[in-house]
Amino acid sequence: MSYKELIKKLQAKECKQNVPIIGPGDLLKVGVLIQEGNKSRIQPFQGTVLGIHSNQASTTVTLRRLAQIVNVERVLLIHSAKIGDIQVLRKHKVRRSKLYYLRSFQSKKNRLKQKLY
């Protein structure tokens, strides 16, 4: 067994099995584990997917949301133990894999067309 095959086996064991199919432009609700002192709780973070970096166990998703007037962007490791559950609330029709152009728009201009099934 080669070194690369061994790494792929180890990474496959660490991957979560119940991750939904995520695409750019989707509206996600992610439960993030927050620790405050000796207590822990799950805080939901809801935002639009700007981009995905796929690499088995180290897959990351960049989420962006409008919190009051300030835009908040967060990079989340999908298969991390600090991520509780992931829900896809809406799917949007986009033509690019990275939606970094949404960073320059304000609240009403960055609306995306919703996919109809």
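The values are calculated or read from the model by the stated rules, or taken from the named source; none is laboratory data. Note that this is a predicted model, so its numbers are computed, not measured. With ideal geometry, Cβ positions are generated from the backbone for all residues, glycine too; neighbour counts draw on all protein chains shown. Only protein heavy atoms, including side chains, enter the accessible area calculation; ligands, DNA and RNA are left aside. Shrake-Rupley method; radii C 1.70, N 1.55, O 1.52, S 1.80 Å.
Some values worked out for this structure:
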quantity	calculated
Those residues of segment 30-46 which are out of contact with any Asp or Glu (no Cβ under 8 Å at 6 or more places or on another chain) and surrounded by 15 or more Cβ atoms within 10 Å (Cβ to Cβ), in sequence order	V32, F45
Pick from segment 77-93, criterion modelled with pLDDT of 90 or more and crowded, with 17+ Cβ neighbours inside 10 Å, ranking: nearest to A12 (Cα to Cα)	I78
Residue match in segment 36-56 (condition: in contact with a His (Cβ under 8 Å, 6 or more places away or on another chain) and modelled with pLDDT of 90 or more)	yes
Boolean, V61 is in contact (Cβ under 8 Å) with a residue 60 or more places away in the chain, of a type in the set (A, V, I, L, M, F, W, C), open to solvent by less than 70 Å² (accessible area, probe 1.4 Å) and closer than 15 Å to G23 by Cβ	no
Qualifying residues in segment 97-106 (those that are without any contact (Cβ under 8 Å) to a residue 60 or more places away in the chain and not hydroxyl-bearing (S, T, Y)) - the one least open to solvent (accessible area, probe 1.4 Å)	L102
Contacts under 9 angstrom Cβ, first residue in segment 26-52 being polar (S, T, N, Q), partner surrounded by fewer than 16 Cβ atoms within 10 Å (Cβ to Cβ) and outside any strand (DSSP E or B), 6 or more apart	Q35/K82
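This table checks each residue for (1) open to solvent by 30 Å² or more (accessible area, probe 1.4 Å); (2) more than 12 Å from the chain's Cα centre (by Cα); (3) aromatic (F, W, Y).
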site	(1), (2), (3)
V49	no, no, no
Q68	yes, yes, no
V75	yes, no, no
R95	yes, yes, no
Q114	yes, yes, no
